[in-house]
Structure formats: structure tokens, C-alpha cells
1. Search the range 193-229 for residues being part of a loop (DSSP other than H, G, I, E, B) and β-branched (Val, Ile, Thr), and hand back the single one that is surrounded by the fewest Cβ atoms within 10 Å (Cβ to Cβ).
2. Quickly run through the range 1-10 and pick out the residues that are under 18 Å from the mean Cα position of the chain (by Cα) and touching a residue at least 60 places away in the same chain (Cβ under 8 Å).
3. Does Arg135 count as part of a strand (DSSP E or B) and open to solvent by 30 Å² or more (accessible area, probe 1.4 Å)?
4. Being in contact (Cβ under 8 Å) with a residue 40 or more places away in the chain and in a loop (DSSP other than H, G, I, E, B) is the filter; apply it to the range 11-50 and report the residue that is nearest to Val109 (Cα to Cα).
5. Can you name the residue in the range 178-208 that is without any contact (Cβ under 8 Å) to a residue 60 or more places away in the chain and of a type in the set (Phe, Trp, Tyr) and, of all such residues, is nearest to Phe131 (Cα to Cα)?
6. Cβ-Cβ under 6 Å, sequence separation 6+ or interchain: first residue in the range 88-101 and at pLDDT 65 or above, partner aliphatic (A, V, I, L, M) and open to solvent by 40 Å² or more (accessible area, probe 1.4 Å). Which pairs?
7. Looking at this structure, is Arg190 modelled with pLDDT of 95 or more, open to solvent by 80 Å² or more (accessible area, probe 1.4 Å) and at negative phi?
Amino acid sequence: MQSIMIVEDEEALSRVLAAYVRKAGFDCRICRDGNEAVESFDAAQPSLVLLDVLLPGRNGWEVLRHIRSKSACPVIMLTAMSDVGDRIAGLNEGADDYIPKPFEPDEVVARIHAVLRRPPRSLVSSEQVVFGSFRIDLKSRTVFLNGASLSVTPRDLALLMFLAEHPNQIFNREQLIEKVWGIDYDGSDRAVDLAIKRLRKQLLHWPPEEGEIRTLRGTGYQLYANIPH
């Protein structure tokens, strides 16, 4: 079941939203302030966040920046501020949608469905690579899938990082050996095939609509990622 995190300090409003979200078939978690939202997000890994802007503790912009620093999880901002500049700022910060208050709960549920139907957000930066529920922290050299850390050997990780930093590009065995194993490598090129097999096993539960490691017969391998245009 997909889960929605509601970050809203107005108790009556959060309870109404939660009732509508649950009625629509989603699991639901409520956070009353920005600090709780940051802690809960890291632990819960929700499918989507409904995020109020004016919150006790960290405000909505700070919570959004925290989420975007580590995740492509969809975020819909909720706010009483109707200024167009604020809406543009929210979208530029990485929000997926923006709903001004007051609103109808039915509209919020419709927006949730609409955002979740979009292709998963992808992020490729100097610090991380994110394709939906798959993430590599390039600084700590750690791989996450659905919020859980994966145990990947150093050589396999180097191969995965290379492919992830070049999504949808095709590389043959010789190119991968040169880029990952190094030009002085004198072992069998079967090492590439075996590493790919191990990585696929690790990524078994990565939703294929988000991405996968593909074999292009007679050509090579690619990390396919469903990147929105």
C-alpha cells in the first residue's frame, strides 16, 4: 500500500486530510512540525508528502530541501500564501505541485493521484543519483533501495556507480573493464557479466517502471532509467 505523509500543524485540517487519504486507499502518517517531519521521513520513506509551508520548528521550505537532499519522493506543498512568486519558488525548490489554502480535500486526493501517475523524479548531481526509489549517495558510496541500505562489494559498487552516472547509455564489456576495472586488468571479461548478475539480484525489487539494468544483445549493458523529459 502506498503511504502519504501529511505535514500540517492545524490538527483539524490534518485529521480531515488523513480521513480522505485513507478513504482513497492510502496508508497515512501525520506530522505536526518540521522537525518531526524530517525524522519521520527518513524512517518511513513515504510514497508522497503533503507539506504545509508555515510549520513550527523547521518550515516547509527547509523540510523540502532536506527531502530533496536525499530523495526524489513527490512533494505537494500546502500553503495559505497565494503569491505567484511563492508558488514559483516552491516549484523551483523541487516541489511537484502546489495547492493554496483553502482547498477541498477531494481536490487534494485528485492531485495526489495525478502526481503519483507521473514518471518518477530523477536526480543526478555531484552528491547523489536518484531514480525513483533507487538512490546512490556518491559521497558515502552507499546504495539505497526503498529506503533500505544495500550491501554491495566495492568492485560491483564501482560498476553500479559508473552506470548510474551515465543513465541510458550503452557500454560494452571492453568499455566497462577500462572504465571500472582499469586498463591494466588482465582477467576475463566474464567478470562484467558476473558483476551485472550480482547487481541485478541486489536490485530485484526495484520497480521496472523506474529503471533496471538491461542487456542489449550483441551491444552491451545500460542502466535504463525512466527520466521525465
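1. Taking the range 193-229 as the starting set, the residues that turn out to be part of a loop (DSSP other than H, G, I, E, B) are 203-210, 217-219, 226-229.
If we keep only those that are β-branched (Val, Ile, Thr) as well, we get 219, 227.
On the way: Thr219: 11, Ile227: 15.
Within the range 193-229, the match that is surrounded by the fewest Cβ atoms within 10 Å (Cβ to Cβ) is Thr219.
2. Gln2, Ile4
3. Numbers: part of a strand (DSSP E or B): yes; open to solvent by 30 Å² or more (accessible area, probe 1.4 Å): yes.
Against the criterion (part of a strand (DSSP E or B) and open to solvent by 30 Å² or more (accessible area, probe 1.4 Å)), Arg135 qualifies.
4. The extreme case among them is Ala24.
5. Within the range 178-208, the first condition is being without any contact (Cβ under 8 Å) to a residue 60 or more places away in the chain, and the residues that meet it are 178-202, 204, 208.
Filter once more, keeping what is of a type in the set (Phe, Trp, Tyr): 181, 185.
Values: Trp181: 25, Tyr185: 31 Å.
Selected residue: Trp181.
6. Lys101/Ala80
7. Details: modelled with pLDDT of 95 or more: no; open to solvent by 80 Å² or more (accessible area, probe 1.4 Å): yes; at negative phi: yes.
Spelling it out, it is not the case that Arg190 is modelled with pLDDT of 95 or more, open to solvent by 80 Å² or more (accessible area, probe 1.4 Å) and at negative phi.
Here is a yes/no grid of residues against (1) closer than 22 Å to Ser133 by Cβ; (2) modelled with pLDDT of 95 or more; (3) surrounded by fewer than 19 Cβ atoms within 10 Å (Cβ to Cβ); (4) among the polar types (S, T, N, Q):
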| residue | (1), (2), (3), (4) |
| --- | --- |
| Leu17 | no, yes, no, no |
| Val21 | yes, yes, no, no |
| Leu50 | yes, yes, no, no |
| Gly60 | no, no, no, no |
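The values are calculated or read from the model by the stated rules, or taken from the named source; none is laboratory data. Keep in mind it's a predicted model, so treat the numbers as computed, not measured. Cβ sites come from the backbone with ideal geometry, for glycine too, and all protein chains shown count toward neighbours. Only protein heavy atoms, including side chains, enter the accessible area calculation; ligands, DNA and RNA are left aside. Shrake-Rupley method; radii C 1.70, N 1.55, O 1.52, S 1.80 Å.
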